[in-house]
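To keep things clear, I will list the structure first and then write my remarks on it.
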Amino acid sequence: MSTSSGTPESWISSFCSLLGHEYFAEVSEEFIEDDFNLTGLQSQVAMYKEALEMILDVEPEDDEDEEEEEDEEEDESIEGADRMRQSERRNHSRVASDLSVIESSAEMLYGLIHQRFICSRAGIQQMSEKYELGHFGVCPRSYCEQARTLPVGLSDIPGEDTVKLFCPSCLDVYVPPNSRFQTVDGAFFGRTFGALFLLTFPEYDLTKRGADVLAGARVTEDEKEQMLNGMYVCNIAPGLGGTKIYHPRIYGFRVSEVARSGPRMKWLRGKPDDMSELDEARRFAEDNPDSEDEDEASMNLNGRPMHRLRPRRRQGQGGSPMAVEMNGAESGL
Amino acid sequence: MMDEFASESDSDYTSYWRDWFISSRGNEYFCEIDEDYLTDRFNLTGLNTEVQYYQYALDLITDVFDLDCDDDMRETIEKSARHLYGLIHARYIVTTRGLSKMLDKYKKADFGKCPRVFCHSHPLLPMGQTDVPNQKPVKLYCVRCEDVYNPKSSRHAAIDGAYFGTSFHNIMFQVYPALVPPKSSERYIPRVYGFRVHAPAALIRWQNMQRTEMLRRLRKLEVESGFKNDNGEVDLDEEDDEDEDDLDAENDVLIEGTGMNVVG
């Protein structure tokens, strides 16, 4: 994923090092070169072919030179700078306005590929490295105590909203503190990534502060014992409930809920004191012992999902319960 | 620099030190305290034990400081003056005049805007988590989500929260109840490929239940809940479901949209 140090900067790594692009992962060329991963993008991006060539630093060539092009591609990685300059020169021979259109198309295309890439195994792994390094910032909410956030989009369609930060500690989304991120499209991260990250890496200790080095900050063995609704109990909104709700006070006295300006939003930051209240399936089974769905209900009883989930998580070195293919083919979904 | 201030302050009736203080970088959260308030000793009751060189510090704040002293001393007094100003500030901003000054700043969003996406940049108010000085830095309160946030900038994060106090922001909305924005149950729901994730979704269902209960309690007491959609008559359970269904329908379309792309 990271380019070897000898070669000049690729379009991808220069794009990712731009100011405001700190949240982006470097999509591997391997991922982009697999046509399956690009399915449907052709119709969403203008000058698709040129944009794709730009992303891959391929020299624009006529179709008949296809073989030669491949050769040159290899040369490029070896010879480096000269090739780049040459290709740039060639690019310059295009109409200037054309080039800026391609450039913006390339950014759009890269963003859309990025949305898919970060949900693939390689991509989410790369994002987890960035998460560990604290690249995505921390939650501004005081009671979350600098919990790390994840970049998400509120829409998968480009042009609708900018990138937001999802805090797993309070399950809310925030505007990035720096205005430079207000030009980054949220669709380049997509709606799925945030939640998928939590499911893929259930063992991160979500309460770890952004300033700390995260290496090895995993849920402890004790905490692993408690599992609820497919997540570790200690990782279900650790920043909510209990003492982590603000109670408005005037001279030490709580403002009443009945007051015109009284607190009305405590539910948003609430969490049951006893988390087993959220085990809806078990509670249903307890409340309806004679229910017709008894078989189904009892299947979801406490023990079962644990047994089913655990061995699976041990399998991949990424610790992913999601069997996502290397090339991100989410065909099953 | 301070000589300049001290010498000019006598001739002018301007509040030189305070002007300088509130306009200096990092002090954007403070409002200017009236001369009248500062000169009424009653308002300063008890502060003389909190602040070193109390009298000099007060003189500096009120621009009547004329002590000849070395730089170290001046520095100490200057520091005391800033601390004293902060402590008086906490008292001043809960007075009628102080509230209206802070209200102006609030309306201009001088204290920043709520970072929560669904608060749609609602202005914040500064607050302290304790009234005891030197304990906790200033935080920002959003009246829309009723939560507490850290200031974005590190220069604000160093301000003592006691300079604003634990009551000010709540008094503000007691005095100006019309300022309380309509509450909204809009919120983020974590999803994977359009499907809600079980654990957060179960928590969200529980939270919605809490809200419904609260609304029911308030309705019983015939208190306005402040929620946009609360007509008092509508069954809230149903309303919630409808809201969710609407959202779902929307999302289904989106999913199908992307699904089509992937397949086609």
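The values are calculated or read from the model by the stated rules, or taken from the named source; none is laboratory data. For clarity, every value in this text was computed on a predicted model and none was experimentally measured. Heads up, the Cβs are rebuilt from the backbone with ideal geometry, glycines too, and the neighbour counts pull from every protein chain shown. Surface areas here come from the heavy atoms of the whole protein model, side chains and all, with no ligands, DNA or RNA. Shrake-Rupley method; radii C 1.70, N 1.55, O 1.52, S 1.80 Å.
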- Note on the structure: Here the residues within the range A:162-177 that are facing chain B (nearest Cβ under 9 Å) and within 15 Å of residue A:192 (Cβ to Cβ) are A:164, A:166, A:168, A:173
- Message: Condition first: free of Cβ contacts under 8 Å to residues at least 24 places away in the same chain, of a type in the set (A, V, I, L, M) and under 16 Å from residue B:129 (Cβ atoms). Now tell me which residues in the range A:234-275 satisfy that.
- Response: A:250, A:255
- Query: Filter the range B:100-133 for residues that are under 13 Å from the mean Cα position of the chain (by Cα) and of a type in the set (A, V, I, L, M, F, W, C); which is farthest from residue B:35 (Cα to Cα)?
  - Reply: B:114
- Taking strands (runs of 3 or more DSSP E) that fall entirely within the range A:101-205, which contain at least 1 residues that are basic (Lys, Arg) and free of Cβ contacts under 8 Å to residues at least 60 places away in the same chain? A:164-167
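Kindly indicate whether residue B:200 is closer than 20 Å to residue A:147 by Cβ, open to solvent by less than 60 Å² (accessible area, probe 1.4 Å) and either modelled with pLDDT of 95 or more or not charged (D, E, K, R) (or both).
On the way: closer than 20 Å to residue A:147 by Cβ: yes; open to solvent by less than 60 Å² (accessible area, probe 1.4 Å): yes; either modelled with pLDDT of 95 or more or not charged (D, E, K, R) (or both): yes.
Yes.
Name the residues in the range B:145-161 that are facing another protein chain (nearest Cβ under 8 Å) and more than 22 Å from residue B:98 (Cβ to Cβ), would you?
So the first thing to find is which residues in the range B:145-161 are facing another protein chain (nearest Cβ under 8 Å), and the list is B:145-150, B:152.
Listed by number, the residues that qualify are B:145, B:146, B:147, B:149, B:150, B:152.
Can you find even one residue in the range B:241-251 that is closer than 30 Å to residue A:200 by Cα, in a helix (DSSP H, G or I), at pLDDT 85 or above and open to solvent by 40 Å² or more (accessible area, probe 1.4 Å)? It would help to see each step written out before you state the result.
Start the filter on the range B:241-251 by keeping residues that are closer than 30 Å to residue A:200 by Cα, which leaves B:241, B:243-251.
Now restrict to residues that are in a helix (DSSP H, G or I): B:241, B:243-251.
Going one step further and asking which of them are at pLDDT 85 or above, we end up with none.
No: the range B:241-251 contains no residue that is closer than 30 Å to residue A:200 by Cα, in a helix (DSSP H, G or I), at pLDDT 85 or above and open to solvent by 40 Å² or more (accessible area, probe 1.4 Å).
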- How about the range B:168-211: which of its residues are of a type in the set (Val, Ile, Thr), more than 8 Å from chain A (Cβ to nearest Cβ) and assigned to a loop (DSSP other than H, G, I, E, B)? B:189
- Quick check, is residue A:190 of a type outside the set (Val, Ile, Thr) and over 27 Å from residue B:154 (Cβ atoms)? yes
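More than 10 Å from chain B (Cβ to nearest Cβ) and modelled with pLDDT of 85 or more: is that true of residue A:243 in this structure?
Working: more than 10 Å from chain B (Cβ to nearest Cβ): yes; modelled with pLDDT of 85 or more: yes.
So residue A:243 fits the description; yes.
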- Message: Looking only at residues that are open to solvent by 10 Å² or more (accessible area, probe 1.4 Å) and under 29 Å from the mean Cα position of the chain (by Cα) in the range B:53-66, which one is nearest to residue B:98 (Cα to Cα)?
- Response: B:62
- Within the range A:90-100, identify whether any single residue is part of a helix (DSSP H, G or I), at pLDDT 95 or above and not hydrophobic (A, V, I, L, M, F, W, C), and answer yes or no. no
- Message: Tell me yes or no: at least one residue of the range B:67-74 is closer than 30 Å to residue A:152 by Cα and open to solvent by 30 Å² or more (accessible area, probe 1.4 Å).
- Response: no
- Task: Could you list all residues from the range B:105-133 that are among the small types (Gly, Ala, Ser) and either facing chain A (nearest Cβ under 8 Å) or surrounded by fewer than 18 Cβ atoms within 10 Å (Cβ to Cβ) (or both)?
- Result: B:109, B:121
- Message: When you check residue B:136 against the structure, is it in contact with an Asp or Glu (Cβ under 9 Å, 6 or more places away or on another chain), among the charged types (D, E, K, R), over 30 Å from residue A:231 (Cα atoms) and surrounded by fewer than 22 Cβ atoms within 10 Å (Cβ to Cβ), yes or no?
- Response: yes
- Message: Residues that are of a type outside the set (A, V, I, L, M, F, W, C), within 13 Å of chain A (Cβ to nearest Cβ) and out of contact with any strand residue (DSSP E or B) (no Cβ under 6 Å at 6 or more places or on another chain): does the range B:87-104 have at least one?
- Response: yes
- Message: Please go through the range B:63-81 and give me each residue that is farther than 18 Å from residue B:32 by Cα and touching a residue at least 12 places away in the same chain (Cβ under 8 Å), ordered by number.
- Response: B:65, B:66, B:74, B:76, B:77
